[in-house]
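K.L.:
Quick one: the structure is below, and I'll ask about it shortly.
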4 protein chains.
Amino acid sequence: MRPWYNRLPQTAIEAAMPVRKPNFSPPFNVVRASHVELAVRDLGRSRAFYVDCLGYMISAEEPGALYLRAVEERNHHSIVLREAKAATAVTLGFKVASEDDLDRAADWFARKNLPTAFPKVPHQGRTLRTADINGMPLEFYFTMDQSARMLQRYATHQGARIQRIDHINCFTPDVQASYDFYNEMGFRLTEYTETDEPNGKLWAVWMHRKGNVHDIAFTNGRGPRLHHIGVWTAGPLDILHICDVMATSGYLPNMERGPDRHGISNAFFLYIRDPDGHRIELFTSDYLTVDPDLEPLRWSLTDPQRQTLWGHPAPKSWFEEGSEFISVPVRDPVLAAQPVVAR
Amino acid sequence: MRPWYNRLPQTAIEAAMPVRKPNFSPPFNVVRASHVELAVRDLGRSRAFYVDCLGYMISAEEPGALYLRAVEERNHHSIVLREAKAATAVTLGFKVASEDDLDRAADWFARKNLPTAFPKVPHQGRTLRTADINGMPLEFYFTMDQSARMLQRYATHQGARIQRIDHINCFTPDVQASYDFYNEMGFRLTEYTETDEPNGKLWAVWMHRKGNVHDIAFTNGRGPRLHHIGVWTAGPLDILHICDVMATSGYLPNMERGPDRHGISNAFFLYIRDPDGHRIELFTSDYLTVDPDLEPLRWSLTDPQRQTLWGHPAPKSWFEEGSEFISVPVRDPVLAAQPVVAR
Amino acid sequence: MRPWYNRLPQTAIEAAMPVRKPNFSPPFNVVRASHVELAVRDLGRSRAFYVDCLGYMISAEEPGALYLRAVEERNHHSIVLREAKAATAVTLGFKVASEDDLDRAADWFARKNLPTAFPKVPHQGRTLRTADINGMPLEFYFTMDQSARMLQRYATHQGARIQRIDHINCFTPDVQASYDFYNEMGFRLTEYTETDEPNGKLWAVWMHRKGNVHDIAFTNGRGPRLHHIGVWTAGPLDILHICDVMATSGYLPNMERGPDRHGISNAFFLYIRDPDGHRIELFTSDYLTVDPDLEPLRWSLTDPQRQTLWGHPAPKSWFEEGSEFISVPVRDPVLAAQPVVAR
Amino acid sequence: MRPWYNRLPQTAIEAAMPVRKPNFSPPFNVVRASHVELAVRDLGRSRAFYVDCLGYMISAEEPGALYLRAVEERNHHSIVLREAKAATAVTLGFKVASEDDLDRAADWFARKNLPTAFPKVPHQGRTLRTADINGMPLEFYFTMDQSARMLQRYATHQGARIQRIDHINCFTPDVQASYDFYNEMGFRLTEYTETDEPNGKLWAVWMHRKGNVHDIAFTNGRGPRLHHIGVWTAGPLDILHICDVMATSGYLPNMERGPDRHGISNAFFLYIRDPDGHRIELFTSDYLTVDPDLEPLRWSLTDPQRQTLWGHPAPKSWFEEGSEFISVPVRDPVLAAQPVVAR
């Protein structure tokens, strides 16, 4: 009845093991994935997509920027769109548990020789801007402007009736390094893909803070790049409805993959691309992961049901394309193994 | 405000038109597609698929035969499985409105020099066995044994909770000839696919008697062959559930296409193959077509949303494979045009 | 295996039986319940309810009148709202199968000494205005203006995403007389409620033309009055969503009963009242009834699951209130029995 | 942008305020509500209800005891049924984050002069048995036997396809005292009901650890008594299906309230009673509450939408009945105010 992590091999051997014991005393307390800022080339076109089609609510519309939230979110924004010449991912935002956690976070990143700054960020309290081990820009904050509660103003729910942001998924050139970094930060592993050779290597990891399958996930690939933002709907019918809407209102080319079910996370999902190619996953039906002794699920890289419990193989674009971070160099991945395309 | 069929061109020109005026005074009154008899090679294996997995109810289990019905059906059977050396489609069953309609039907088929017989058929009243213009075996009956009503015995609903048989879909070597034949029988066109050249040719037709999109459909292809039986579920979540069940209980290879939405018929659908390769379509969300002046919808053969409003292209097997009818020669189709695979 | 109606007792005895053989050769061919015209006191207020809240589409907005249709309807209107000093039901509309059926209908009503007229009716072809045996105003027509097909313009579907009109339900002072009248017209009985004494009396009947549980229903009560219009949704979640919308946008008092499930018809339902008190039933999940030999289901007046398979007892208003027809006297019912309120 | 709790009045005044600052440094770390042990009088009858009807999975069946879990649960049990002469609630189980938390918990309860013991509990690791301020029996543990993962063995999902335990709801004679006790333990308030007089009093509180609306809730009433166990389903259709099943398989009298929507928690719910009268709430569609600065929602005791956003008033039994804890005296509540029954 010992927790799974107490059954890991001793330290000497463990060095060769890809999966670590979770860090239950992290250097600072991250609450959850909170928001993403995206650079887009035409704010009007993005507004049509996110607001008129998907049903996002506008918290603020400012020159050159649009702040959006989903129906249950009381925080001011979970997506920030900022007009720019090139479409890039600007920053990934995480909420921490207190103002003190911000200072502890700044110390921790500084000790790792990573950049730290506290710029003024609209609609947010004190905000730490930094980067992870691969240069991926992160921001941490504790307080944000609060907006009107729309969850029970049902007449305003439109499109996919997206409830909230769920997670952020990134390509990394080194899954093991990213996993180790975020594991140290206190993110906990729930599921992972491993290559099948002896001393198998991590191919992808799903890690959480808020108690479901993930707040952040990493997949082996040219990176760092943002693969997608995952947003949560109340059930599969909201996802089927947005398929119907997109397919009949000019957004058929923006539908990239699904709806199908992942083996990993058990999610019923749909991947779509915004007008600049940024990828959104509509996502529902994963499970509760708050138990500290919840044993991570291992999937073999050669098991196609890992990606697609049922449904159609993912297209090439889904494996290869992602949003680069502004001015962050992209490197080739450490691993060369290729995932088996489903069926 | 004239009905669409009164706006068809005059007879002389009409000869060149593929679409006819419906026959509102048919030679006999077909009520609906009622049942299909399939030859299967291993009744136990078929029972596991239809009953244990899909949730069909057993009306009778006899040596060499299994009679199945869906949850709302009070008729004794909508699928008959009969053990045989080879997997074939045996006969397609239609219900007529009265005993007199059976005699009128026999006359009509005889006048067309098609075979007619009234064999004894278990669990059915007087039954006319005949064949259509392409040799496809048909049977017509008015009365059938009635079984216990299970619709409100919800605890017995299992699997996909299939409600009832909906339609029969066949390959025909000559869509125009099949359409003309069934149009004369009183089946009404609701949607059709046409080639795009001047004097476009019918590629596929959907025709009904019972008041929704179809009781029978024909697609251009090597035929006659049964493409699939369509069965109706109460909504998309029953279809998603059976995907989950099949994908995790050994039936993943039996999932052929979908779930996706057709443009034609507006159906949310899933195509599966039984252990002998017979194809079943789980089908929901089409619309009411009882209005005699309902104008058929035309789709271009080059419009991919016709087949797939959204979702994935149909696999090759879906275009090419079907169940042959026992001892009925299959011919190459009249038309050589190829449908554009979606996206 | 004889159809149920051939097992009815001989004529002499049958006179005492409430249930008759269906009329398979009706005097004229009614296709389905088609539309209802309602007098309302404030068209703006009604527009807010039907269009902004429920999601009805506007086919025409004319001085003093609003023509509405649901998402799958290609006919111009299924609800006509006409501004007037008093809120009444104006007329109940049925589609017939041809122009000739209109003439046959006029003959039949005239032979029964019921009023007949062919007034000009906007957006409809030739229209017969008449009344049933209780004075309930009816209109019959064959052609109507056709409107743009919205079923696959999903981005325009709002509110309850109502698909189409389903049925009309009325109070009658004499259920047996109403049943006999509509049975002669060719409407077929699917379910009925009967009192329990020897020689039980009909308390309520559900009768169809289009192939599901009903186009028209009658319940014992002060009448003739319109009890409700039944409109069909694609599934229960559309009904739950409109509950959420109504309860949080000022329409909570308009929610009268449900959502619950009826035993009769198996429908999942919600009853709401429009701003003038006209009652709408949102309705889904009944079953196919096209088989001529489908035996009607008998329910005892003392069985509460008849009305409420599960859920809450109907409120008093639901049993007692209805829309009067303009200038049509209302009589007390023949039967004095009171239905048992569920649980 | 200060968190709501920093806007609470100063201490002197705060004493008169019912709502406190959350305790972000609790004496020990409770992860979530984990399980409930119930005494039942006939284990076979309970098995029929929980397993055959609701679809619970059996983890162990031992003489006099049945251990049940829901489809996503990997922990051995979330409901333990133990046969006894009288039907009572035996203990409420909570998972803590580590073995050390158990010792810290024992210290904390001991310092409050509450009983502590570490009895051997089958299928659980070290388990602290204690009681709260009202004598309500609690148990805390860190490790439990792990069972086979059934979430993706969809063919085994039956009945309501319950996913997991969600929360525990109790009557307390003193809501303020219970709130203060659990607030000190680190449970965080998400919603509350307050009386309307100046210096309003807490009538009911919803408090969480795991990040949704609640792990535990308290309502003013004769107590301590268990009001209900809340269990989570993937969506409303699973709840509607179990209504259909229960209403048609002999469990209609066990359906107490709903399905309707609560204003509080936004849950779509159904309350049922097991064969011994223990109450279960099937519950879905609340929201994420992990943000430490999430401001609790206040509801007035006189607002009927608090309890019933829409739907029917709760029956008297729902307000008055609950499961007593074995040998724990029940006291009358401090507050005499009566909630307004909805509508």
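The values are calculated or read from the model by the stated rules, or taken from the named source; none is laboratory data. These figures come from a predicted structure and were not determined experimentally. All Cβ positions, even for glycine, are placed from backbone atoms using ideal geometry, and neighbour counts span all protein chains on display. Surface areas here come from the heavy atoms of the whole protein model, side chains and all, with no ligands, DNA or RNA. Shrake-Rupley method; radii C 1.70, N 1.55, O 1.52, S 1.80 Å.
K.L.:
Within the stretch B:131-159, how many residues are open to solvent by less than 20 Å² (accessible area, probe 1.4 Å), hydrophobic (A, V, I, L, M, F, W, C) and within 15 Å of C:Ser285 (Cα to Cα)?
P.N.:
1
K.L.:
Note down all Cβ pairs under 9 Å where the first residue falls in the stretch A:109-125 and is without any contact (Cβ under 8 Å) to a residue 24 or more places away in the chain, the second is of a type in the set (S, T, N, Q) and open to solvent by 50 Å² or more (accessible area, probe 1.4 Å), and they're at least six residues apart or on different chains.
P.N.:
A:Phe109/A:Thr116; A:Ala110/A:Thr116
K.L.:
State whether the residues of the stretch B:323-330 include one that is among the polar types (S, T, N, Q) and facing chain A (nearest Cβ under 9 Å). Working first, answer last.
P.N.:
Taking the stretch B:323-330 and keeping what is among the polar types (S, T, N, Q), we get B:323, B:327.
Pick out the ones that are also facing chain A (nearest Cβ under 9 Å) and you get none.
No, the stretch B:323-330 has no match at all.
K.L.:
A further question on this structure: Has the stretch C:73-91 got at least one residue that is more than 19 Å from the chain's Cα centre (by Cα) and within 23 Å of B:Leu288 (Cα to Cα)?
P.N.:
Yes, the conditions are met somewhere in the stretch C:73-91.
K.L.:
Confirm whether C:Val290 is of a type outside the set (Ser, Thr, Tyr) and at pLDDT 95 or above.
P.N.:
Details: of a type outside the set (Ser, Thr, Tyr): yes; at pLDDT 95 or above: yes.
Against the criterion (of a type outside the set (Ser, Thr, Tyr) and at pLDDT 95 or above), C:Val290 qualifies.
Residue by residue, here is whether (1) among the hydrophobic types (A, V, I, L, M, F, W, C); (2) part of a loop (DSSP other than H, G, I, E, B); (3) within 14 Å of another protein chain (Cβ to nearest Cβ) holds:
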{"position": "C:Phe94", "(1), (2), (3)": "yes, no, yes"}
{"position": "C:Leu102", "(1), (2), (3)": "yes, no, yes"}
{"position": "C:Ala110", "(1), (2), (3)": "yes, no, no"}
{"position": "C:Pro122", "(1), (2), (3)": "no, yes, yes"}
{"position": "C:Arg129", "(1), (2), (3)": "no, no, no"}
{"position": "C:Ala148", "(1), (2), (3)": "yes, yes, yes"}
{"position": "C:Gln152", "(1), (2), (3)": "no, yes, yes"}
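K.L.:
Going by what's in this entry, would A:Ala217 be described as farther than 21 Å from A:Thr289 by Cα, out of contact with any Asp or Glu (no Cβ under 6 Å at 6 or more places or on another chain) and either touching a residue at least 40 places away in the same chain (Cβ under 8 Å) or part of a helix (DSSP H, G or I) (or both)?
P.N.:
Details: farther than 21 Å from A:Thr289 by Cα: no; out of contact with any Asp or Glu (no Cβ under 6 Å at 6 or more places or on another chain): yes; either touching a residue at least 40 places away in the same chain (Cβ under 8 Å) or part of a helix (DSSP H, G or I) (or both): yes.
No; evaluated as a whole, the condition is false for this residue.
K.L.:
Return a yes/no flag: does the stretch C:207-217 have any residue that is charged (D, E, K, R) and either facing another protein chain (nearest Cβ under 9 Å) or open to solvent by 10 Å² or more (accessible area, probe 1.4 Å) (or both).
P.N.:
Looking only at the stretch C:207-217, we keep the residues that are charged (D, E, K, R), and these are C:209-210, C:215.
Okay, now just the ones that are also either facing another protein chain (nearest Cβ under 9 Å) or open to solvent by 10 Å² or more (accessible area, probe 1.4 Å) (or both), so C:209-210.
The answer is yes; a qualifying residue exists.
K.L.:
Which members of the stretch A:203-259 meet the condition of being polar (S, T, N, Q) and under 24 Å from A:Pro137 (Cα atoms)?
P.N.:
The answer is A:Asn212, A:Thr219, A:Asn220.
K.L.:
Okay, next question. With respect to A:Ile280, is the statement that it is under 13 Å from the mean Cα position of the chain (by Cα), within 30 Å of B:Glu256 (Cβ to Cβ), away from chain B (no Cβ under 11 Å) and aliphatic (A, V, I, L, M) true? Steps first, please.
P.N.:
Values: under 13 Å from the mean Cα position of the chain (by Cα): yes; within 30 Å of B:Glu256 (Cβ to Cβ): yes; away from chain B (no Cβ under 11 Å): yes; aliphatic (A, V, I, L, M): yes.
Yes; evaluated as a whole, the condition is true for this residue.
K.L.:
Looking at A:Gly322, A:Gly235, A:Gly277, A:Gly230, which is the one that is farther than 23 Å from A:Leu92 by Cα and small (Gly, Ala, Ser)?
P.N.:
On the way: A:Gly322 fails: farther than 23 Å from A:Leu92 by Cα; A:Gly277 fails: farther than 23 Å from A:Leu92 by Cα; A:Gly230 fails: farther than 23 Å from A:Leu92 by Cα.
After ruling out the rest, the residue left standing is A:Gly235.
K.L.:
Among the residues that make up the stretch C:329-337, is at least one of them among the charged types (D, E, K, R), at pLDDT 95 or above, out of contact with any helix residue (DSSP H, G or I) (no Cβ under 7 Å at 6 or more places or on another chain) and over 20 Å from C:His214 (Cβ atoms)? Spell out the reasoning first.
P.N.:
Applying the first criterion (among the charged types (D, E, K, R)) to the stretch C:329-337 yields C:331-332.
Checking which are at pLDDT 95 or above leaves us with C:331-332.
So of that shortlist, the ones also out of contact with any helix residue (DSSP H, G or I) (no Cβ under 7 Å at 6 or more places or on another chain) come out as C:331-332.
Okay, now just the ones that are also over 20 Å from C:His214 (Cβ atoms), so C:331-332.
Checked against the condition, which is being among the charged types (D, E, K, R), at pLDDT 95 or above, out of contact with any helix residue (DSSP H, G or I) (no Cβ under 7 Å at 6 or more places or on another chain) and over 20 Å from C:His214 (Cβ atoms), the stretch C:329-337 yields at least one hit.
K.L.:
Are there strands (runs of 3 or more DSSP E) fully within the stretch D:1-79 with at least 1 residues that are closer than 29 Å to D:Trp203 by Cβ? List them. Talk me through it step by step, then tell me what you get.
P.N.:
Working: elements: D:30-40, D:57-62, D:65-69.
The strands (runs of 3 or more DSSP E) meeting that bar are D:30-40.
K.L.:
When the stretch C:258-275 is examined, which residues are found to be under 17 Å from the mean Cα position of the chain (by Cα) and either open to solvent by less than 10 Å² (accessible area, probe 1.4 Å) or hydrophobic (A, V, I, L, M, F, W, C) (or both)? Show your work before the answer.
P.N.:
Filtering the stretch C:258-275 down to residues under 17 Å from the mean Cα position of the chain (by Cα) leaves C:262, C:264-274.
Answer for the stretch C:258-275, where residues must be under 17 Å from the mean Cα position of the chain (by Cα) and either open to solvent by less than 10 Å² (accessible area, probe 1.4 Å) or hydrophobic (A, V, I, L, M, F, W, C) (or both): C:Ile264, C:Ser265, C:Asn266, C:Ala267, C:Phe268, C:Phe269, C:Leu270, C:Tyr271, C:Ile272, C:Asp274.
K.L.:
A follow-up question, please. Evaluate the following for D:Ile229: is it within 11 Å of chain C (Cβ to nearest Cβ), of a type in the set (A, V, I, L, M) and touching a residue at least 24 places away in the same chain (Cβ under 8 Å)? If you could, list the steps in order and put the result at the bottom.
P.N.:
Numbers: within 11 Å of chain C (Cβ to nearest Cβ): no; of a type in the set (A, V, I, L, M): yes; touching a residue at least 24 places away in the same chain (Cβ under 8 Å): yes.
When the stated conditions are applied, D:Ile229 does not pass them.
K.L.:
How many residues are in a loop (DSSP other than H, G, I, E, B) and either open to solvent by less than 40 Å² (accessible area, probe 1.4 Å) or farther than 24 Å from D:Pro313 by Cα (or both) if we restrict to the stretch C:316-333? Full working, then the answer.
P.N.:
Here is the first cut: in the stretch C:316-333, the ones in a loop (DSSP other than H, G, I, E, B) are C:321-322, C:326-330, C:332-333.
From the residues that got through so far, the ones that are either open to solvent by less than 40 Å² (accessible area, probe 1.4 Å) or farther than 24 Å from D:Pro313 by Cα (or both) too are C:322, C:326-330, C:332-333.
Selection size over the stretch C:316-333: 8.
K.L.:
Taking the stretch B:54-69 as the search range and keeping residues that are surrounded by fewer than 23 Cβ atoms within 10 Å (Cβ to Cβ) and more than 16 Å from B:Thr88 (Cβ to Cβ), which one is nearest to the other protein chains (Cβ to nearest Cβ)?
P.N.:
Going residue by residue through the stretch B:54-69, those that are surrounded by fewer than 23 Cβ atoms within 10 Å (Cβ to Cβ) are B:55, B:57-65.
When the remaining residues are screened for being more than 16 Å from B:Thr88 (Cβ to Cβ), the result is B:55, B:57-63.
Values: B:Gly55: 11, B:Met57: 15, B:Ile58: 18, B:Ser59: 14, B:Ala60: 14, B:Glu61: 20, B:Glu62: 17, B:Pro63: 22 Å.
This residue is B:Gly55.
K.L.:
Can you find a residue that is assigned to a loop (DSSP other than H, G, I, E, B), more than 14 Å from chain A (Cβ to nearest Cβ), touching a residue at least 12 places away in the same chain (Cβ under 8 Å) and of a type in the set (A, V, I, L, M, F, W, C) anywhere in the stretch B:296-311? Explain how you work it out, then say what you get.
P.N.:
Initial filter on the stretch B:296-311 (assigned to a loop (DSSP other than H, G, I, E, B)): B:296, B:301-303, B:307-309, B:311.
Right, trim to more than 14 Å from chain A (Cβ to nearest Cβ) and you get B:296, B:301-302.
Cutting the leftovers down to touching a residue at least 12 places away in the same chain (Cβ under 8 Å) gives us B:296, B:301-302.
Applying the additional criterion that residues be of a type in the set (A, V, I, L, M, F, W, C) yields B:301.
Yes, that holds for at least one residue.
K.L.:
Scan C:Asp276, C:Asp260, C:Asp293, C:Asp286 and give me the residue that is under 19 Å from C:Tyr56 (Cα atoms) and touching a helix residue (DSSP H, G or I) at 6+ places or on another chain (Cβ under 9 Å). Let's see the steps before the verdict.
P.N.:
Values: C:Asp260 fails: under 19 Å from C:Tyr56 (Cα atoms); C:Asp293 fails: under 19 Å from C:Tyr56 (Cα atoms); C:Asp286 fails: under 19 Å from C:Tyr56 (Cα atoms).
Sole residue among the options that is under 19 Å from C:Tyr56 (Cα atoms) and touching a helix residue (DSSP H, G or I) at 6+ places or on another chain (Cβ under 9 Å): C:Asp276.
K.L.:
Name the residues in the stretch C:218-234 that are of a type outside the set (Phe, Trp, Tyr), open to solvent by 10 Å² or more (accessible area, probe 1.4 Å) and under 24 Å from B:Asp286 (Cα atoms), would you?
P.N.:
C:Ala234, the sole residue that qualifies.
K.L.:
Just the residues that are in contact with a helix residue (DSSP H, G or I) (Cβ under 8 Å, 6 or more places away or on another chain) and of a type in the set (Ser, Thr, Tyr), please, taken from the stretch D:263-273.
P.N.:
D:Tyr271
K.L.:
Is it the case that some residue within the stretch D:41-62 is within 22 Å of D:Lys112 (Cβ to Cβ) and at pLDDT 95 or above? Working first, answer last.
P.N.:
Taking the stretch D:41-62 and keeping what is within 22 Å of D:Lys112 (Cβ to Cβ), we get none.
Scanning the stretch D:41-62, I find no residue that is within 22 Å of D:Lys112 (Cβ to Cβ) and at pLDDT 95 or above, so the answer is no.
K.L.:
Please work out if C:Asn183 is among the polar types (S, T, N, Q), away from chain A (no Cβ under 14 Å), in a helix (DSSP H, G or I) and in contact (Cβ under 8 Å) with a residue 60 or more places away in the chain. Write out each step before concluding.
P.N.:
Working: among the polar types (S, T, N, Q): yes; away from chain A (no Cβ under 14 Å): yes; in a helix (DSSP H, G or I): yes; in contact (Cβ under 8 Å) with a residue 60 or more places away in the chain: yes.
Considered against the rule, which asks whether it is among the polar types (S, T, N, Q), away from chain A (no Cβ under 14 Å), in a helix (DSSP H, G or I) and in contact (Cβ under 8 Å) with a residue 60 or more places away in the chain, C:Asn183 comes out as yes.
K.L.:
Does the stretch B:160-172 contain any residue that is more than 20 Å from B:Asp132 (Cβ to Cβ) and either open to solvent by less than 10 Å² (accessible area, probe 1.4 Å) or of a type in the set (Val, Ile, Thr) (or both)? So that I can check it myself, show each step before the final result.
P.N.:
Taking the stretch B:160-172 first, the residues more than 20 Å from B:Asp132 (Cβ to Cβ) are B:160-164.
Narrowing further to those that are either open to solvent by less than 10 Å² (accessible area, probe 1.4 Å) or of a type in the set (Val, Ile, Thr) (or both): B:160, B:162.
The answer is yes, given that some residue of the stretch B:160-172 is more than 20 Å from B:Asp132 (Cβ to Cβ) and either open to solvent by less than 10 Å² (accessible area, probe 1.4 Å) or of a type in the set (Val, Ile, Thr) (or both).
K.L.:
Could you say whether any residue in the stretch D:246-253 is of a type outside the set (A, V, I, L, M), surrounded by fewer than 22 Cβ atoms within 10 Å (Cβ to Cβ) and within 8 Å of chain C (Cβ to nearest Cβ)?
P.N.:
From the stretch D:246-253, those of a type outside the set (A, V, I, L, M) are D:248-251, D:253; that's our starting set.
In the following step, the residues that additionally are surrounded by fewer than 22 Cβ atoms within 10 Å (Cβ to Cβ) were identified as D:248-250, D:253.
Filter again for within 8 Å of chain C (Cβ to nearest Cβ), leaving D:248.
Scanning the stretch D:246-253 turns up at least one residue that is of a type outside the set (A, V, I, L, M), surrounded by fewer than 22 Cβ atoms within 10 Å (Cβ to Cβ) and within 8 Å of chain C (Cβ to nearest Cβ).
K.L.:
So, of the residues in the stretch D:186-206 that are within 12 Å of chain A (Cβ to nearest Cβ) and open to solvent by less than 10 Å² (accessible area, probe 1.4 Å), which turns out to be nearest to D:Gln152 (Cα to Cα)? Walk me through how you get there before you give the answer.
P.N.:
Here is the first cut: in the stretch D:186-206, the ones within 12 Å of chain A (Cβ to nearest Cβ) are D:188, D:190-191.
After this cut, where a residue has to be open to solvent by less than 10 Å² (accessible area, probe 1.4 Å) as well, the list is D:190-191.
Details: D:Thr190: 32, D:Glu191: 34 Å.
Across the stretch D:186-206, the extreme among qualifying residues is D:Thr190.
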